[in-house]
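Trainee: What follows is a single structure, and I will ask about it in a moment.
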Amino acid sequence: MKKKAIIFDLDGTAIDSPVQKLPTESLKQAIRAAQERYFLSSATGRVWSFAKPVLQALGLTDPCIISAGTQICNPVTGNILWQKNIDPSALVQVVSIFCEYPEWKLLFNDGTEEDYFHGGVFPKDFSTPDPVYFLEQVFVPDTLAAELFGKLSSIAGITCVMVVSQKPGLKDLHIVNSEATKEQAVAQLLGILGSSKDDAIGIGDGHNDMHLFNAVGYRVAMGNAIPELKNVSDEIIGSVKEDGLARYLRSLH
């Protein structure tokens, strides 16, 4: 029998961030038990250095999606198995729009939790000789985030995704290659695993998990998920505060 894949988000799904830094013992135990019967992978907006402590605490060994869908990594070693960069010409257009809002810093490619909360460069100072696979602006007020989202969405070749920030009432904007959202990354992941869309379960809570849901056969929304995600889900489980993911994994046969 073909092995099914369970692909789940981290923040708001596996951990109640930013209050909860690491997964509960209950979730770790549920994952260990489920790994005997399923592929277990995470699909997160976090970049490697920010995701690493959580992925490794969970004990995941199957490839995981990181950096908002732009990379697939080995969660044990951090080796990148697949990556999709932002086209340089599109990147120039993105940064020029951010330059219209000069006080909001940008983060790009890899970084730690400290970088997420306190790092970044002002748009006018953005420069790197390396390819950029992931660009984000964090802690943006809702009205400004919506305004930026509208402008950025007009640029060919990129996708802008609004996600709930780890500071209450604010949004993060993820900029990725339009062929590197969680949706495309899940398709790549399933190919690596030797599984299929029909045999994949996706579990999430936020806006970027709409892309995850598009790529799986069965859609599970957390009890704390946004209404849009719940409306297209096949099942709604307990919230992250109720350790809903652990309870769901234990219920599977």
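The values are calculated or read from the model by the stated rules, or taken from the named source; none is laboratory data. These numbers come from a predicted model, not from an experiment. For neighbour counting, all protein chains shown are included, and Cβ atoms are generated from backbone atoms with ideal geometry for every residue, glycine included. Ligands, DNA and RNA are excluded from the accessible area calculation, which covers all protein heavy atoms including side chains. Shrake-Rupley method; radii C 1.70, N 1.55, O 1.52, S 1.80 Å.
Trainee: Gly202 is checked against (1) touching a Phe, Trp or Tyr at 6+ places or on another chain (Cβ under 6 Å); (2) modelled with pLDDT under 95; (3) buried (at least 19 other Cβ atoms within 10 Å of the Cβ) and fails just one. What number does that condition carry?
Mentor: Of (1) touching a Phe, Trp or Tyr at 6+ places or on another chain (Cβ under 6 Å); (2) modelled with pLDDT under 95; (3) buried (at least 19 other Cβ atoms within 10 Å of the Cβ), only one is false for Gly202: (2).
Trainee: Residue under question is Arg32, and the condition is that it be among the charged types (D, E, K, R) and part of a loop (DSSP other than H, G, I, E, B); does it hold? Full working, then the answer.
Mentor: Working: among the charged types (D, E, K, R): yes; part of a loop (DSSP other than H, G, I, E, B): no.
Here the answer is no, as Arg32 does not meet what is asked.
Trainee: Any idea which of Tyr133, Tyr116 is assigned to a loop (DSSP other than H, G, I, E, B) and surrounded by 15 or more Cβ atoms within 10 Å (Cβ to Cβ)?
Mentor: Working: Tyr116 fails: assigned to a loop (DSSP other than H, G, I, E, B).
Going through Tyr133, Tyr116 in turn, just one is assigned to a loop (DSSP other than H, G, I, E, B) and surrounded by 15 or more Cβ atoms within 10 Å (Cβ to Cβ): Tyr133.
Trainee: Something else now. As an exercise: evaluate Ala43 against (1) surrounded by fewer than 23 Cβ atoms within 10 Å (Cβ to Cβ); (2) within 16 Å of the chain's Cα centre (by Cα) and give the number of the one condition it does not meet.
Mentor: Just one mismatch for Ala43, condition (1).
Trainee: Here are some residues: Ser41, Ser67, Ser49. Which one is at pLDDT 95 or above and at positive phi? Reasoning before the result, please.
Mentor: Numbers: Ser41 fails: at positive phi; Ser49 fails: at positive phi.
Going through Ser41, Ser67, Ser49 in turn, the sole match is Ser67.
Trainee: Among (1) buried (at least 17 other Cβ atoms within 10 Å of the Cβ); (2) on the phi > 0 side of the Ramachandran plot; (3) of a type outside the set (Val, Ile, Thr); (4) out of contact with any strand residue (DSSP E or B) (no Cβ under 9 Å at 6 or more places or on another chain), where does Gly78 come up short?
Mentor: In the conditions (1) buried (at least 17 other Cβ atoms within 10 Å of the Cβ); (2) on the phi > 0 side of the Ramachandran plot; (3) of a type outside the set (Val, Ile, Thr); (4) out of contact with any strand residue (DSSP E or B) (no Cβ under 9 Å at 6 or more places or on another chain), Gly78 misses (1) alone.
Trainee: Which number in (1) open to solvent by 50 Å² or more (accessible area, probe 1.4 Å); (2) at pLDDT 95 or above; (3) touching a Cys at 6+ places or on another chain (Cβ under 8 Å); (4) not charged (D, E, K, R) marks the one condition that Ser153 misses?
Mentor: Only one criterion in (1) open to solvent by 50 Å² or more (accessible area, probe 1.4 Å); (2) at pLDDT 95 or above; (3) touching a Cys at 6+ places or on another chain (Cβ under 8 Å); (4) not charged (D, E, K, R) is unmet by Ser153, namely (2).
Trainee: Also, I was wondering about something else. State which residue pairs qualify: first residue closer than 19 Å to Ser165 by Cα and without any contact (Cβ under 8 Å) to a residue 40 or more places away in the chain and inside region 50-72, second residue in a helix (DSSP H, G or I) and open to solvent by 10 Å² or more (accessible area, probe 1.4 Å) in any location, beta carbons under 7 Å apart, and separation of 6 or more residues or different chains.
Mentor: Taking only residues 6 or more apart or on different chains, the pairs are Ile66/Trp48.
Trainee: List pairs: first residue in region 138-155 and under 25 Å from Glu114 (Cα atoms), second residue open to solvent by 50 Å² or more (accessible area, probe 1.4 Å) and hydrophobic (A, V, I, L, M, F, W, C) anywhere in the structure, Cβ distance under 7 angstrom, at least six positions apart or on different chains.
Mentor: Final answer for the pair search is Val140/Trp104.
Trainee: Of Ala246, Ala200, Ala215, which residue is within 15 Å of the chain's Cα centre (by Cα) and of a type outside the set (D, E, K, R)? Give the steps one after another, and end with the answer.
Mentor: Numbers: Ala246 fails: within 15 Å of the chain's Cα centre (by Cα); Ala200 fails: within 15 Å of the chain's Cα centre (by Cα).
From the options Ala246, Ala200, Ala215, the qualifying one is Ala215.
Trainee: Looking only at region 73-93, filter to residues that are assigned to a strand (DSSP E or B) and touching a residue at least 40 places away in the same chain (Cβ under 8 Å); which one of those is farthest from Leu106 (Cα to Cα)? Show your work before the answer.
Mentor: Quick first cut of region 73-93, residues assigned to a strand (DSSP E or B) only: 73, 80-83.
Pick out the ones that are also touching a residue at least 40 places away in the same chain (Cβ under 8 Å) and you get 81-83.
Values: Leu81: 26, Trp82: 24, Gln83: 20 Å.
Among those residues, the one meeting the criterion is Leu81.
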